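The next block holds one structure in the form of structure tokens; read it before the comments.
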Amino acid sequence: MSEELGITVKKDEDISEWYQQVVLKAKLADYSPVKGTIIIRWQGMAVWEAIRNFWDPAMKEHGVENHYFPLFIPESLLKREAEHFEGFTPEVAWVTMAGETPLDERLAIRPTSETIMYEMFSKWVKSYRDLPLRVNQWCNVVRWETKMTKPFLRGREFLWHEGHTAHETREEAEEEMRWAIEWYRRISEELLAVPVVVGRKTESDKFAGADITMAIEALMPDGKALQMGTSHLLGQNFSKPFEIRFLGRDEKNHFVWQTSWGISTRMLGGMVLLHGDDRGMVFPPRVAPIQAVIIPIGFEKVPEVLEKARELKALLEGEGLRIRLDERKEYTPGFKFNEWELMGVPLRIELGPRDLKEGKMVLVRRNSGEKSSAEFSDTGAVKDALEGIQQDLLNSARELMKERTAEVEELEELKEVLEERKWAIINHCGREECEREIEAKVTGGPRVIPEEGGEPSGGCIGCGKKAAYRVYWARSY
């Protein structure tokens, strides 16, 4: 890949190479010496921190308490729930030695924490008075992917949070599952400006060990779907093997009903794919590490320009905005414009001698290139521009989703739609065998049964039998 400052390929010609260049050159991440892993750089971490700062207080207000559980999970615990263990076995990395000494039992490097958490839940829950129990941890997980890895989208280690809860009734647990997925929709749409479809996974595609899996799915520019977050109703599938019982209000013993839910740094990959352009990254302002950069022009000859730029920076930072002032003398304004565009800063504020005389500043939007002027002290104009960019990004992404979604009734039409880099809504009977038969004939697979998808009309696209639901079908990351 070229070491030039700018992006050397067009997004619509080679999206894979384009994506890797944007991630690296916009300083979101870099490749690690460990194959299949990345170093998340300051721009990437700033976005993850923004997500955490939005989500963590909401969890705590809901009664979720942060914990930290060990990275290592004994094999015997991982095997306790058979379906769960079978689902994760291909991706588990094992520790078998301590120095030169073989371990008595293999230790899994955390692929997910259900089993080690639920061993503790069985000790912590004794009565209905201990419920609901809501636990979360922010951590890393390891899943030893054998497929081709790609920064944020697919890797052998990533950051996430995982929430786990226990309840008296199935109804309470299902309500909890839906509470979490609604917050994930808000994070994706309100922070990252990535519109999603909320729905339920098919039986063949749900989380190993869950009764129901809900997900938010986003459409990427290459027509592939990206799963941005999941929430699971685990039922009593873990409480029974882990003996998580409580003395109920009826003075009898009961098994708890459980949920688990999580989002990961994969969300960052969706944000990059959706909003970046041929000049580099485009950050939604609400998560942008730097919301606006001030470029003073001609300050070498007119020092008052730089003084005023510093005053403006202090003024905007006083309003709580994340501002960078580029007062480097060794680079031209044009170079600085291109560099900050590559880095994805949503708004550029230009200030030159003429602007100084007029008491103005020039605002340039990264997403559209639109220019406008405002009074020097008009911080509201800067805030309005940032909010306008946020909404523009979300609206344009929604338009893309609308344009690239097709309702399909015939199998041949489904093939054509997928080849056109779209995703499809199809009628399906709900049988796993039929689902597999469709997968054998076309690329892609089921993504979600939408919550607001309407009732199916007509027969199943695969077998012609009565349709049970409508489901989104797409290629995926």
Worksheet item: List the pairs whose first member sits in the stretch 141-154 and is under 16 Å from GLN21 (Cα atoms) and among the polar types (S, T, N, Q), whose second member is at pLDDT 90 or above and in a loop (DSSP other than H, G, I, E, B), and whose Cβ atoms are under 9 Å apart, counting only residues at least 6 apart or on separate chains?
Response: THR149/LYS35; THR149/GLY36; THR149/THR37; THR149/GLY155; THR149/ARG156
Worksheet entry | Neighbours by Cβ (under 7 Å, 6+ apart or cross-chain): first from the stretch 324-345, more than 17 Å from ALA309 (Cβ to Cβ); second assigned to a strand (DSSP E or B) | GLU341/GLY280; LEU342/GLY280; MET343/GLY280; GLY344/GLY280
Practice prompt. Could you check, for the stretch 49-59, whether at least one of its residues is more than 22 Å from the chain's Cα centre (by Cα) and not charged (D, E, K, R)?
Written response: no
Worksheet, complete the sentence: Every listed condition ((1) at pLDDT 95 or above; (2) of a type in the set (A, V, I, L, M, F, W, C); (3) over 24 Å from the mean Cα position of the chain (by Cα)) holds for LEU77 save (1)
Worksheet, complete the sentence: Within the stretch 461-477, the count of residues that are touching a His at 6+ places or on another chain (Cβ under 9 Å) and within 28 Å of PRO221 (Cα to Cα) comes to 6
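Could you tell me whether PRO450 is modelled with pLDDT under 95, at negative phi and surrounded by 14 or more Cβ atoms within 10 Å (Cβ to Cβ)?
no
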Practice prompt. Output the residues belonging to the stretch 188-206 that are surrounded by 24 or more Cβ atoms within 10 Å (Cβ to Cβ) and farther than 22 Å from ALA424 by Cβ.
Written response: LEU192, ALA193
Discussion item. Can you tell me how many residues within the stretch 83-117 are touching an Asp or Glu at 6+ places or on another chain (Cβ under 8 Å), farther than 11 Å from TRP144 by Cα, in a loop (DSSP other than H, G, I, E, B) and free of Cβ contacts under 8 Å to residues at least 40 places away in the same chain?
Written reply: 0
Worksheet, complete the sentence: Of GLU435, GLU451, the only residue that is of a type in the set (Asp, Glu) and out of contact with any helix residue (DSSP H, G or I) (no Cβ under 7 Å at 6 or more places or on another chain) is GLU451
Item to complete: State whether the residues of the stretch 49-57 include one that is surrounded by fewer than 15 Cβ atoms within 10 Å (Cβ to Cβ), more than 25 Å from TYR184 (Cβ to Cβ) and of a type outside the set (Ser, Thr, Tyr).
Response: no
Item to complete: Can you confirm whether the stretch 255-276 contains a residue that is surrounded by fewer than 24 Cβ atoms within 10 Å (Cβ to Cβ), closer than 30 Å to GLU81 by Cα and aromatic (Phe, Trp, Tyr)?
Response: yes
Discussion item. Just the residues that are touching a residue at least 24 places away in the same chain (Cβ under 8 Å) and either in contact with a helix residue (DSSP H, G or I) (Cβ under 7 Å, 6 or more places away or on another chain) or at positive phi (or both), please, taken from the stretch 11-39.
Written reply: LYS11, TYR19, VAL22, VAL23, LYS25, ALA26, LYS27, LEU28, ALA29, GLY36
Worksheet item: Of all residues in the stretch 279-299 being under 17 Å from GLU311 (Cα atoms) and of a type in the set (Gly, Ala, Ser), which is farthest from the chain's Cα centre (by Cα)?
Response: GLY298
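Here are some residues: GLY155, GLY163. Which one is modelled with pLDDT under 95 and closer than 25 Å to PRO111 by Cβ? Can you show your working first?
Working: GLY163 fails: modelled with pLDDT under 95.
Among GLY155, GLY163, only GLY155 is modelled with pLDDT under 95 and closer than 25 Å to PRO111 by Cβ.
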Response to the item:
Note on the stretch 448-465: residues among the charged types (D, E, K, R) and more than 17 Å from GLU410 (Cβ to Cβ) are GLU451, GLU452, GLU455
Discussion item. Tally up the residues in the stretch 249-303 that are modelled with pLDDT under 95 and either among the acidic types (Asp, Glu) or part of a strand (DSSP E or B) (or both), please.
Written reply: 1
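The values are calculated or read from the model by the stated rules, or taken from the named source; none is laboratory data. Predicted, not measured: the structure shown is a model, and the values here were computed from it. A quick note on method: Cβ atoms are made from the backbone with ideal geometry, for glycine too, and the neighbour counts reach across all protein chains shown.
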